[in-house]
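Heads up, the thing below is written out as structure tokens.
Read-outs throughout are calculated quantities, based only on the coordinates presented, and are distinct from any laboratory measurement. Remember, predicted model here, so these are calculated numbers, not experimental data. All Cβ positions, even for glycine, are placed from backbone atoms using ideal geometry, and neighbour counts span all protein chains on display.
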Amino acid sequence: MSRNDEVAALLEEFADLLEATGVEYKPTAYRRAAENVREHAAPIEGLAAEGEDAVAEIDRVGDAIASKVVEYVETGEIEELEELREELPVDMAGLTAVEGVGPKTVGSLYEALGVTTLDELEAAAEAGEIQEVSGFGAKTEENILDNIPFAREARERTRLGDARPVADAALSYLADRDAVESVEVCGSIRRWKDTIGDIDLLVASDAREPIVEALTDWPEADATIEAGTGKASVRASGTRVDLRIVDPDEFGAALQYFTGSRAHNVAVRNRAIDRDLKLNEYGLFDVSDVDDADAGGDDADADARRVGERVAGETEAGVYEALDMDPVPPELREDNGEVEAAAAGELPLLVDPDDLRGDLHTHTDWSDGGFSIAEMARAAAERGYDYHVVTDHAAGPGIFGNTGLDEDEIESQAAAVAEAAESVDIPVLHGIEANIDADGDFSTDDETLAALDLVVASPHSALGQDAEAATDRLVRAVKHPHVDVLGHPTGRLINERPGLEPDVEAVVAAAVDADTAIEVNANPARLDADGEFVRAAVEAGATIAVNTDAHAPRELDNARYGVHTARRGWAAAADVLNARSLNGLRSFLL
Ligand code: DGT
Ligand code: CA
Ligand code: CA
Ligand code: ZN
């Protein structure tokens, strides 16, 4: 965590505590300041050393906040914040992780019931105490109770989009150490799960100590959790990073083992047993000549587990091949039929990041994006895409303030897109992101939708509606004659809100019928549709679109998260609309 992140987090905590104690306006000022401190290019400690005025140069940071920043950098604490913490000794982050519980609620429940933690919140709700507090009712209490398990899990798992850059940084750092022969991520991060418990790394080397030391010395490691002989763990950006070191000739077996999932490994190991072979993290062994059936059991030490004649283990592909299987892409390793498919040689040829030829869902400064049509389109061209689609927000429910476009604005944007396209090397199509209201209707009129090249339709409001209403709503939207892509179908935000829970089978059946593509929104906060949803869509024969929903050029680089999520759903390039050429895309849109 950089000092800027650290200071921003403190200002945000300040804002929450102020809000919880009933202070108005100030919390908003603190949150805006926090955002700008976080985004500020120069290190905050440098500015603080120059004094308050230098800190106050940051946009939206006034004198009062600047003096607190300087106080923090100089003394390690902010007196007023310490006082607030004493006044309100609550686990703010844990409590506000519950959907529907904001800082104000935390303040009220602390005052009335003394609730400070998630466990206490749960106990109070179960005892029916919350509905007795003024301003709260039975419905609120029930909602709180329903949302606690989600919040608990969210506190324990890191979003893929937050963990992956940390893993990538660790990978390239370790790859540069002399003693490292190879290094790979494994565990859930190699499987590209949408949330990560911890980051697992595997190094092949004949050395041990220098590699453990390299990890604990890693500049991005905030703390060492454990430093052993063959393994080490550190904390970086709030996530645990586990490193294991193995001999180079056992790297493939270890990689297979530590990539998981556990369920996949059980299925693969059973295949080994069927062949009189034994698979563990040291290799694949022929045990047909080993007398003692218990030799090398799971409780034995490492040497005893290297039992019989070794038939594979140096490479991961070699392990699978020796078990008469095609190598299984990590994204599929969840024991959902991939072992059988690999044995039958029937694994799909999964879509690859290089297969994408354009992005079908992007924003500009015409709505809530930060960049012009031409800037976004040029950024797409620079990434090697063959076309680019602009889909700003239409006005409607769930769209903040005045940022969505009404029919007249959409019409003028058509001309602006055509004009911008002249300065860009690839064709730029004009689309819109229309809002699916709670009933599945649209606030933009049909004539306007019909005139556009492409319509992405997404839910932005009423995301807590029940499953039946959600299904009806999405089915209705998907069937709308002008809708081409169902954008972020559930509206979930990973670790923040669960989103809609529709009958997925019904939605994908409607999508197949109506020739509407299902989006995998690659924004790492969304990854929506998720792998399971994609799998249902692919099996039903639906078309998938992998879009970034970028609001800035650099967000176009999030596409990889979407592609790997689509791979978790067994999607092949042929299933993906924006893996097609412009002509292929156009014929789908007809
Ligand atoms: P996570 O970290 O909760 O997101 O999930 P994973 O899959 O990364 O799990 P983790 O970090 O506990 O372990 C990484 C992989 O190592 C796991 O997917 C399978 C393998 N593994 C670790 N410990 C065991 C074990 O005791 N038994 C088996 N069969 N596999 C294990
Ligand atoms: Ca892990
Ligand atoms: Ca682990
Ligand atoms: Zn969007």
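Some notes on this structure:
- Counting Lys and Arg as +1 and Asp and Glu as -1 over every other residue whose Cβ lies under 14 Å from the Cβ of residue 274, the net charge comes to 0.
- Using C-alpha pairs under 8 Å with a sequence gap of at least 6, the mean separation divided by the residue count of the chain gives a relative contact order of 9 percent.
- Charge tally for residue 444 (other residues, Cβ to Cβ under 9 Å; Lys, Arg +1; Asp, Glu -1): -4.
- Using a simple spin-label model with pseudo-atoms 7 Å out from Cα toward Cβ, residue 354 and residue 574 lie 2.0 nm apart.
- Label-to-label distance, residue 168 versus residue 150, with points set 7 angstrom from Cα along the beta-carbon direction: 2.9 nm.
- Only Cα pairs under 8 Å and 6+ residues apart enter the sum, and on that basis the relative contact order of the stretch 356-427 stands at 36 percent.
- FRET efficiency for residue 227 and residue 443, using Cβ-Cβ distance with R0 set to 60 Å, rounded to 0.05: 0.55
- Dividing the summed -39500 (n - 2.57) terms of all DSSP H runs of n ≥ 4 by the residue count of the chain sets its mean residue ellipticity at 222 nm at -13000 deg cm²/dmol.
- Segments 448-458, 72-82, 525-535 sorted - mean Cβ within 10 Å per residue, highest first: 525-535, 448-458, 72-82
- Scoring 154-166, 565-577, 245-257 by mean Cβ neighbours within 10 Å over their residues and listing the highest first yields 565-577, 245-257, 154-166.
- Environment charge at residue 221 (Cβ cut-off 13 Å; Lys +1, Arg +1, Asp -1, Glu -1): -4
- The simple spin-label model puts a point 7 Å past each Cα toward its Cβ; for residue 451 and residue 532 those points are separated by 4.3 nm.
- Sites residue 515 and residue 422, calculated FRET efficiency, Cβ-Cβ separation with R0 25 Å, nearest 0.05: 0.20
- Residue 587/residue 289 FRET efficiency (R0 56 Å; Cβ-Cβ; nearest 0.05): 0.35
- Cα shape, the chain, gyration tensor, a/c 1.5 rule: oblate
- Relative packing of peptides 367-380, 266-279 - highest average C-beta neighbours within 10 Å first: 367-380, 266-279
- Anchor residue 104: lysines whose Cα lies under 25 Å away (excluding residues fewer than 8 positions away in-chain): 26, 68, 139
- Cα-based shape type of the stretch 484-588, given that a ≥ b ≥ c are square roots of the gyration tensor eigenvalues and the cut on a/c is 1.5: oblate
- Note on 83, 321, 334: ascending count of other Cβ atoms within 10 Å places them as 83, 321, 334, the fewest first.
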